[in-house]
Amino acid sequence: MSPIEQIIKNESVEDVVSYFALFRPAQAVDRMYGRHRQEIILNGELVNTYNSLFSDGVLASDEHGKTVKGPNWKAPQFITENKYS
């Protein structure tokens, strides 16, 4: 199992999106879930999570529309612990 697949299957949608949205376009994150946890897309959780992260200040958009860390962003635990490296 690839590290990406492990992350998608084992970590919360909030943690995955708050990290990967910083350097992958939304379509790429969508494809990751489409491959490994399609139910997250089908039940609307992925879109709802994106919207919540922006409204909660975890993610923000810069002047060019790029997703950046919001004022309430914290590194997910799986990143700080190097869980999948």
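Please treat every number below as a calculation from the coordinates, not as lab data. Model, not experiment: these values are computed from the prediction. Note: ideal-geometry Cβ built from the backbone for every residue, glycine included; neighbour counts use all protein chains shown.
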Here is a check on your reading of the model: is Glu14 in contact with a His (Cβ under 9 Å, 6 or more places away or on another chain), assigned to a helix (DSSP H, G or I), of a type outside the set (Lys, Arg) and surrounded by 12 or more Cβ atoms within 10 Å (Cβ to Cβ)?
no
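For the stretch 50-59, enumerate the residues that are assigned to a helix (DSSP H, G or I) and touching a residue at least 12 places away in the same chain (Cβ under 8 Å).
Listed by number, the residues that qualify are Tyr50, Ser52, Leu53, Phe54.
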Of all residues in the stretch 41-85, how many are surrounded by fewer than 11 Cβ atoms within 10 Å (Cβ to Cβ) and of a type in the set (Asp, Glu)?
3
Pick out the one residue from Gln6, Gln27, Gln38 that is surrounded by fewer than 15 Cβ atoms within 10 Å (Cβ to Cβ) and either basic (Lys, Arg) or in contact (Cβ under 8 Å) with a residue 60 or more places away in the chain (or both).
Gln6
Meets criteria (in contact with a Pro (Cβ under 9 Å, 6 or more places away or on another chain) and in a helix (DSSP H, G or I)) for Tyr84:
no
Going through the stretch 20-49 in order, the residues found to be among the aromatic types (Phe, Trp, Tyr) and not in a helix (DSSP H, G or I) are Phe23
